[in-house]
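In what follows, a structure is listed as structure tokens, so that the remarks can point back to it.
The values are calculated or read from the model by the stated rules, or taken from the named source; none is laboratory data. Just so it is clear, the structure is predicted and the values come from calculations on it, not from any experiment. No Cβ is skipped: glycine too gets one built from the backbone with ideal geometry, and neighbour counts run over all protein chains shown. Surface accessibility is based on the protein's heavy atoms, side chains included, excluding ligands, DNA and RNA. Shrake-Rupley method; radii C 1.70, N 1.55, O 1.52, S 1.80 Å.
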Amino acid sequence: MSRLSIISDVKKHPLIPWLICGIGALFYGYEYILRIAPSIMSSELMHDFRLSASRYGSVIALYYFAYSPMQLVVGVLIDRYGPRRLLVAACALCVVGAFIFGSAQSVWMLGFGRLLIGLGSAFAFVGALKIATIWLPPNRFAFASGLITTLGTLAAMGGDIFIESLVEWHGWRMTTFDLAILGVFLVVIMFVFVQDRIKTSHHIFYVADPEFKDVLKGLWFAIKSPYIWVAGAIGCLMYLGLSTFAELWGISYLIQAHHVSHSQSATAISLMFLGWSIGGPIIGFLSDKFQRRRMPLMVGSLFGLFILLIILYVPHLSFFSVETALFSLGFVISAQIIVFAISREVSPEKISGTAIAFTNMLIMLGGLVFQPVIGWLLDLHWNGTILQGVPIYSVHDYQIALSILPIGLIISIIFGFFLRETHASRV
């Protein structure tokens, strides 16, 4: 009897597909915690390594420097070899990267650890979605995508609060080591439970074995598809709210703009992740139910634009109003998850992992490009103020640098008019 064959009979245990998808999603949640951790440690890291905003943004963006281009390779490998072995190895790489990051005595070691975390993390989201394509019916994919992103953003929400407490308790280095140890347990869990095969009462299906040349053809299909490019661009611009604001510069901005403590700011940013966590499954479900892809993306971008303008430029807001706006922003821009369903629906089934990965690469380019660009804009307008070894930027500096976010949403709305409506089915 093969490993876990007793529990892998789908007909006898209909919750097993969701359980296996959930375990795959745990890795996405874990890598998300590693991704956002530097936003909570920013003051300590900038102080210990004497970093300006532009240099700090460049070091932290090494995560995306590895993550984004790796999506081309990730999609091909996952389609060819299946998600299980790759996810286990990728999680182990994240663990190694976290240990190096926590042990760093120089900026290059810090960056190298961040690079390894990005390499391992590159497999997480696409791997989880590939598991969903194997184990779940097509008409549950947008909903499943929302649930997977929910787990990631809930992990980020909890991470903002939990890591903040850990950093205050025993410093950023020991906190990073704690996260690495957590990853070791996750490696074991995925090795034991994640499967690439669907077993029924009659036979076993293995759906992750196309010919390598077919997968390469699938990659070329994704590269030359204008609909995947448009979907990826919209996803990238909508995701900037998380990849640049929530994941790196938001906490520092709220501290400066509203004169709150570090923990209050981290809690407020966590509400943006909570909004995304709730909005993703709801919007994904409604998109599946009404068989509409384009309109939710355009409406989410439009409302996100209005809310961002309020957060950044309306003066004298109460902090409760800011928290409410952050939650609402996370909710409406979570419509971004629909772009993965679009990429799947405009691509052949056997190269779905490659199409999703290519889309994810386009989305993650936003963090790679704009995390350091925002840091560069902050330094460009900085008046030179330093407090306890950390550069201090004014509210006006942040408003100028973060203006990239509402501009991105305006462009996202325009791109929406060029997006193909798939009506939740293959076209």
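Observations on the structure shown:
- Verdict on ARG173 being among the basic types (Lys, Arg), farther than 21 Å from SER42 by Cβ and part of a helix (DSSP H, G or I): no
- The range 379-392, residues that are touching a His at 6+ places or on another chain (Cβ under 8 Å) and either open to solvent by less than 50 Å² (accessible area, probe 1.4 Å) or modelled with pLDDT of 80 or more (or both): HIS381, GLY389, VAL390
- Some residue of the range 350-361 being closer than 29 Å to LEU274 by Cβ, in a helix (DSSP H, G or I) and open to solvent by 10 Å² or more (accessible area, probe 1.4 Å): yes
- Flag for SER343 being open to solvent by less than 10 Å² (accessible area, probe 1.4 Å), touching a helix residue (DSSP H, G or I) at 6+ places or on another chain (Cβ under 7 Å) and more than 25 Å from LEU115 (Cα to Cα): yes
- Which listed residue, of GLY82, GLY111, GLY102, is at positive phi and among the small types (Gly, Ala, Ser): GLY82
- Residue match in the range 98-121 (condition: closer than 17 Å to GLY24 by Cβ and either modelled with pLDDT of 90 or more or within 18 Å of the chain's Cα centre (by Cα) (or both)): yes
- Of all the numbered requirements in (1) part of a helix (DSSP H, G or I); (2) open to solvent by 50 Å² or more (accessible area, probe 1.4 Å), HIS423 misses one, and that requirement is (1).
- Checked against the criteria, GLY389 does not count as free of Cβ contacts under 8 Å to residues at least 12 places away in the same chain and of a type outside the set (A, V, I, L, M).
- Complete set of residues in the range 21-39 that are small (Gly, Ala, Ser) and open to solvent by 10 Å² or more (accessible area, probe 1.4 Å): GLY22
- Output for the range 280-307, where each listed residue is touching a Pro at 6+ places or on another chain (Cβ under 9 Å), open to solvent by 10 Å² or more (accessible area, probe 1.4 Å) and touching a residue at least 12 places away in the same chain (Cβ under 8 Å): ILE283, LEU305
- Whichever residue in the range 66-89 is of a type in the set (Ser, Thr, Tyr) and under 24 Å from LEU365 (Cα atoms) and, among such residues, is surrounded by the most Cβ atoms within 10 Å (Cβ to Cβ): TYR67
- Flag not set for SER277, criterion: free of Cβ contacts under 8 Å to residues at least 24 places away in the same chain and crowded, with 21+ Cβ neighbours inside 10 Å.
- Flag for ILE338 being open to solvent by less than 10 Å² (accessible area, probe 1.4 Å) and either more than 22 Å from the chain's Cα centre (by Cα) or at pLDDT below 90 (or both): no
- Where helices (runs of 4 or more DSSP H) sit wholly within the range 251-341, none has at least 2 residues that are in contact with a Phe, Trp or Tyr (Cβ under 6 Å, 6 or more places away or on another chain) and of a type in the set (Lys, Arg).
- Each residue in the range 91-131 was checked for being buried (at least 24 other Cβ atoms within 10 Å of the Cβ), of a type in the set (A, V, I, L, M) and more than 22 Å from SER39 (Cβ to Cβ), and 4 pass.
- ILE410 satisfies every condition listed in (1) within 21 Å of the chain's Cα centre (by Cα); (2) under 24 Å from ILE269 (Cα atoms); (3) surrounded by fewer than 24 Cβ atoms within 10 Å (Cβ to Cβ); (4) not acidic (Asp, Glu) except (1).
- Hits in the range 1-38 (condition: of a type in the set (Ser, Thr, Tyr) and modelled with pLDDT of 85 or more): TYR28, TYR30, TYR32
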